[in-house]
Structures are given as structure tokens and as C-alpha cells.
Amino acid sequence: MAPSESTSSPSGAEEGSEGEWAAGQGGNGRAPDRPTEDTGAIPGERASAFPSGDGPPEDGAPGASRQSSPFTDFDPLAPYRGAVRRFFTVWRHVAGLLMGGHIAYVRSLPAVQKSGLRALGKRTLAALLQPFVRSDLRDRPFPTQLRRRLEILGPTFTKLGQIMAIREDLLPEPITEELGSLMDHLPPIPFEQVQAIIERELGAPVDERFRAMDPDPLGAASIAQVHRATTHDGDDVVVKVIKPGIRDVVTSDLKLLQFFGGFLQWLLPRYQPKQIIEEFSAYTRREIDFDYEADHAEIFAANFQDAPDIVFPDVYRDLSTGDVLTMQYLGGIRPNSRAVLDLSDAERQRVVDLGASAIIRMLYKDGFFHADLHAGNLKILPGERPEDLKIGFIDLGMVGRFRADIKRRMLYYYYALVRGDVESAARYLLDMARVGEGGDPQGFRRAVSDMARHFLMRSKKGSISLAQVILQSLSLGARYRIFFPVEMTLMVKALVTFEGVGRTLDPDLDVVAVSRRHVQRIFRERFSPFTLGSELLSNAPELVDVALELPQLLTSGVAQFEETLTDEPPSDPLAGLRSSVLAGGCIIGGVIAAVQGGPLWLSIPLFVIGGGLAGWARERRRPGPGRGGRAGPAGGASGGGGGGPGARGSPPRRGAPAAAG
């Protein structure tokens, strides 16, 4: 059993939240918001042995012999001590959460189930576990315990909780609601440390790289903080700097999470903890490397190069590295600020139209979208006239990607949904899912159809939230053991932002009508002759290979068909199976050619050949009359009843003894 984590005062939780995660990394346990002396040292690195800055003592001075060896301060076990300490810290909280969860479960039982001898074993276990759970958490509901322990464990686990908050398709609603209040912030590090990181990464003092830099940060989160600056060319930029030591902390925590993910998957397979942790790890590793964010900004800019009213910040590659990112500063106003009230009706409508166009295009045309979209990451850039207004997207570190096949299915699904075709929408949604062990895909499809139909009936009385329809559909998946990729829930988050901002600007916004207008345009582009022709050209090598092999396939098929009319059926029982496989390959090839817009001279022959081979294989497997066996050389039946010489399977004559073989 885990060691007791009881605390005598409620303040213990707050102390843990500030210092416990740092102590687990081999540090001194000091809270990250308590600045150290201004030594210029970066937290997480070993402090200088000479705090005065005067260098090592002179020869002959006291202590000179101790400092003469370069290995004096070398401790090869220091990283492992920190990792072991961190492991036991995480394990204590995991065990405490499991124990606290059982206590909360017993407390939530109805009074009638806790009277007399009912649930005696559960109540006894809860009483035994009570002393081993910290006092400030043992009386809290389970979702609150989970949120507090994630906050205590530090920034990596806080971000994990934020990912869990959007997995409403896997986790119960009380947990996702509670985790939605997690705050991803830590106090800023001193500006001197920021300067040291910039100088180390850019290879020159800050004054040589920037004309000016504001020492007060625009914002500080758990991983990085942002400062405003001006380049020597006079450009307004923002400089994003990773916090010192955070990459080692996050990398170590991710390894621990993967270990505990396997344990939790065995314990709670219904909630797919291993899948959530793997998805979180993949996103977080990219988030702590600013090269990825720079690439994302350039990809977005390339995707929207034909839409000048949708803006993404330019990246200054010569002033950026993996730990420092310099990007164009986008001014403007946030959609949730009071300044929005000063916009005219025409400007508000343009914001809604541009926002809907950008988000729907990211999701259903490009398949590359902003995965951390909220009002704080949107900027409204007013112009002199309403038609000059633009919108901008910032904080591009977390993005979602749809594979080509998923992107097409998403487009078909959303298009069917905005048209009210719930049956097709349910079918396309199921095509994107993974059916778990014991899953019920048909039950899920019926439930999604009924739920969507109910929402659309309500839409006749007023506008509905398409994001809520999709989210409710995904939430039904857990009940039927149907699982979706994390990108689906990130997509819902983007749609929720679109609808929330839109209704802030226009309380009477008809989300379905606006969405239908933009998705119809993408749908038409998807099936335009130019698009289909481009896809056909991209598949040209495969089509050419099939066309070159088609004469040989036709010749072989005709030759085998002629053999079936004249020759005896082969004794090989796998011959029919091979024909079936070949027939299936031809039919699948014909389907692919038809779906990809291939020419009829290719798809129709494949269908004909496949159908002929399938019929031939079926005929060969069917036992025909007189095919019970082949007669032996002496007239005895080797596989059937006896008869005249050469007779195949003829029944014995009445009154004659059966052949003994």
C-alpha cells in the first residue's frame, strides 16, 4: 500500500502545487515562483561553485586542491536520483487518487445502501483507506481530487488534464467539466534569465539582435513566456522563450506517464487511459520544440495565401531556434474584449463570416487546423472600412491533422449534418471510428441517428449548436465501445470557439445556415472536374500499372475459363480459394477505379472479370451430380459407392453388396 500522504493542514496542497514537481526533478524543492538571487544562472543547471564571479581560487589558496580536479562536482547518479524521486511522487498521487476515488464512491452511495450490513465490504475498505489519503482531499468528490492532484504534479500533468477535459467521448461529464477549470500558468521567470536564454540561442547579446525588448512579459504559461520586442528594421515582434529546465521536466514526466498508462489501461480499460496518454505525449513533444510552431505558421500561411483577409504571423527564422521563437506581432482586439462592442454591425458580420470560413476550411478542406483555438488566440484587425477588416490566429504550437481519407469522411459527415441527412451523417461518423472489443456499431449508429434527429427537430424552433451535436455523438461512442481519434474532439473545440465567438457578436446567429453556406462551397470544390482530374493524375502511376497488366489478366482469365468447360476439375481444394481471391482483387480494383474517377474502360472490365471469376470459383466448389468420387482402376470406388468400371459415385445395385474399396 502507498505510504500515508495525510497532511495536518490544508495548506499542504498549495505547497505541493508550487514545489513538489520541481523537487521531483532533482531540484531543491523551491517553488518556481520564488526568484533566486540574480546570478544569471538558469534553473535546473548546477549553480557556479564561485558565486562571487571571481573564478577559482589562486594556487596555494585554501580550497585550491579541492577545485583542481574537474570531476570534483561530478555526480553521475544525480539524474537518476531525481527520476526515482519523481517516480515515487507520481506513484503516491496515483495511489492516493485510487484510494480517494473509492472513498468518494462510497460516500456517494444512497443512504439506503449504507445502512445495516449493506455494502459492508466497501464501507470497511473506505474506512481503512481514510488515514492514507491526504486530509485536504479525502472529503472532496473524485473529479476535484483528480484536478487538484494534476495541479500539484506540475505543468506536464496540468496540460494532460486539459487534454482530458476535451475527451468527452471517453470520460464522464463531471470529470471533463472539472478539468475544464485547470489553469495552465506559472509565475514568469526573471528577465535576466530570459536574456541569458536568448543570448545562448541566438549567439549574440539581446541588444545586437533587437532594438528594444519589453522586460515585462505579455504572458507566462507553464512552458514558455512571451515578450514584446522591436527588431533593428523597426518591426514589432513577439519573442517566445521556453522556460529553463522545462524540457527535461516534461520529457521525464512523459516517460513516467507512459509507464503508468499501461497500469491504468489494465485497471480502467473502459476509459482508454493509454490512448489518451499516447496522444498527449505526441502533442506535448512538439509543443516544447518551437521549430514545430514556426513550421505550423508557415503551413497555415501557405494554405491561406489566396485569402488575404485571414492572417497568420510571419516567422523571423534568423531570430528563432528550438527554444526561442520570434514572430510578427498582431495587434487588434480580442473577440471577448469590450472593444468589440464598438464594432459596427457590418464589421461584426464580417468577423463571423471570416471566422466561419477560416475554421471550416481548416477542418474540411486542408485537414490542418488550429487545435488550441479559443477567444484568446483570435485577433480582430479592424480597417478603415468594414470590408478591410481582417482576422488573425496566434499561438500555433498545437495543431491537428486529418489523414486524406478521414478528411474526406469529415467533409461528407459535416455536409450531411448541415443538410439534415442524419442517416448518412451517422454512417460517415462510424466510418471514422475504431470499434473496441465488444463494441456495438449498429447500436451506436441508431443512437447517433436518433440523437441528431432530435437536435435537428429542435432547430426548427431556434438555432442549435452543431458542435454540441457532434460532441454528443462522440460521447455516445464510449457507451457502445466506439472510439475516435483525438483530432475529432479537437475539431469540436474549434467549432465551439466559432459558435461562441459568433454568438457573442450576433446573438441571433444561425450556425447551421452559416456553416451550410461555407461547407457547400468546399463540397463543390471537392467534386469539381479540376479537383477530380488532379486526384486522377496523382494516382496515374497505379492506374498505368493496372492498364499495362490488364491484357495479361484478360488472357489468363479467358484461358482458365476455357479450361473449366473442357477439363476435369482439379483435385486441389485451394484452387477455388485462389480464384475467389483473384476475383475479389479484380472487383476491389474496379471499385477503386470508379471511386477515384477512373475511366470506364478500366473499371467495367475489372468488374466483369471479377464477376466471372467469382462465378467460376463458386461452380468449382459446388459438388455436382456424379461427383461423389473417382473410380479406382479395378472398378472399386475410391471416394464413393461401387459400380461399373469407371463409374463415379453411382449407388450400389439393389441387392448387391457394397464395395469394400
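The values are calculated or read from the model by the stated rules, or taken from the named source; none is laboratory data. Note that this is a predicted model, so its numbers are computed, not measured. Counting neighbours? That spans all protein chains shown, and the Cβs are built from the backbone with ideal geometry, glycine included. Heavy atoms of the whole protein, side chains included, go into the accessibility calculation; ligands, DNA and RNA do not. Shrake-Rupley method; radii C 1.70, N 1.55, O 1.52, S 1.80 Å.
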| In this structure, is residue 391 out of contact with any His (no Cβ under 8 Å at 6 or more places or on another chain), assigned to a strand (DSSP E or B), touching a residue at least 24 places away in the same chain (Cβ under 8 Å) and closer than 30 Å to residue 290 by Cβ? | yes
| task | Pairs only if they're at least six apart or on different chains, beta carbon under 9 angstrom, first in segment 492-503 and under 19 Å from residue 413 (Cβ atoms), second open to solvent by 20 Å² or more (accessible area, probe 1.4 Å) and among the small types (Gly, Ala, Ser); list them, first residue then second. | result | 495/465; 496/465; 499/465
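Does residue 154 satisfy being open to solvent by 20 Å² or more (accessible area, probe 1.4 Å) and of a type in the set (Gly, Ala, Ser)?
no
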| task | Look at segment 259-286 and say how many of its residues are at pLDDT 80 or above and open to solvent by 40 Å² or more (accessible area, probe 1.4 Å). | result | 5
| request: Please specify each residue of segment 139-172 satisfying the condition of being in contact (Cβ under 8 Å) with a residue 60 or more places away in the chain and either of a type in the set (Gly, Ala, Ser) or over 30 Å from residue 483 (Cβ atoms) (or both). | output: 154
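Which of the residues spanning segment 382-391 are closer than 22 Å to residue 298 by Cβ and crowded, with 20+ Cβ neighbours inside 10 Å?
Here is the first cut: in segment 382-391, the ones closer than 22 Å to residue 298 by Cβ are 390-391.
Listed by number, the list holds a single entry, 391.
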| query | Restricting to segment 362-383, what's the tally of residues that are within 27 Å of residue 412 (Cα to Cα), modelled with pLDDT of 90 or more and out of contact with any helix residue (DSSP H, G or I) (no Cβ under 7 Å at 6 or more places or on another chain)? | reply | 1
| request: Could you tell me which of the residues 379, 407 is in contact with a Gly (Cβ under 7 Å, 6 or more places away or on another chain), part of a strand (DSSP E or B), open to solvent by 10 Å² or more (accessible area, probe 1.4 Å) and touching a residue at least 24 places away in the same chain (Cβ under 8 Å)? | output: 379
| field | Tally, over segment 417-429, of residues that are open to solvent by 30 Å² or more (accessible area, probe 1.4 Å) and either modelled with pLDDT of 85 or more or on the phi < 0 side of the Ramachandran plot (or both) | value | 5
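Take the conditions open to solvent by 30 Å² or more (accessible area, probe 1.4 Å), under 34 Å from the mean Cα position of the chain (by Cα), at pLDDT 80 or above and among the hydroxyl-bearing types (Ser, Thr, Tyr) and apply them to residue 251. Does it pass?
Considered against the rule, which asks whether it is open to solvent by 30 Å² or more (accessible area, probe 1.4 Å), under 34 Å from the mean Cα position of the chain (by Cα), at pLDDT 80 or above and among the hydroxyl-bearing types (Ser, Thr, Tyr), residue 251 comes out as yes.
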| task | Determine which single condition residue 434 fails, assuming it passes every other condition in (1) more than 14 Å from residue 409 (Cβ to Cβ); (2) of a type outside the set (Gly, Ala, Ser); (3) without any contact (Cβ under 8 Å) to a residue 60 or more places away in the chain. | result | (1)
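Looking at segment 347-363, is at least one residue of a type in the set (Gly, Ala, Ser) and part of a loop (DSSP other than H, G, I, E, B)?
Looking through segment 347-363, none of the residues is of a type in the set (Gly, Ala, Ser) and part of a loop (DSSP other than H, G, I, E, B).
If you take the residues of segment 68-114 that are of a type in the set (S, T, N, Q) and open to solvent by less than 80 Å² (accessible area, probe 1.4 Å), which of them is modelled with the highest pLDDT?
The initial filter retains those residues of segment 68-114 that are of a type in the set (S, T, N, Q), namely 68-69, 72, 89, 108, 113.
The next check asks that each one be open to solvent by less than 80 Å² (accessible area, probe 1.4 Å); those that pass are 69, 72, 89.
Working: 69: 44, 72: 44, 89: 84.
This residue is 89.
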| Are any of the residues in segment 309-326 at pLDDT 90 or above, exposed (fewer than 15 other Cβ atoms within 10 Å of the Cβ) and not in a loop (DSSP other than H, G, I, E, B)? | yes
| task | Search segment 167-180 for residues being out of contact with any Pro (no Cβ under 9 Å at 6 or more places or on another chain) and at pLDDT 75 or above, and hand back the single one that is surrounded by the fewest Cβ atoms within 10 Å (Cβ to Cβ). | result | 173
| query | For residue 243, are the conditions met, namely being closer than 24 Å to residue 85 by Cα, crowded, with 21+ Cβ neighbours inside 10 Å and modelled with pLDDT of 80 or more? | reply | yes
| When residue 302 is evaluated against the numbered criteria (1) on the phi > 0 side of the Ramachandran plot; (2) of a type outside the set (Asp, Glu); (3) open to solvent by 50 Å² or more (accessible area, probe 1.4 Å), which criterion, by number, is the only one it fails? | (1)
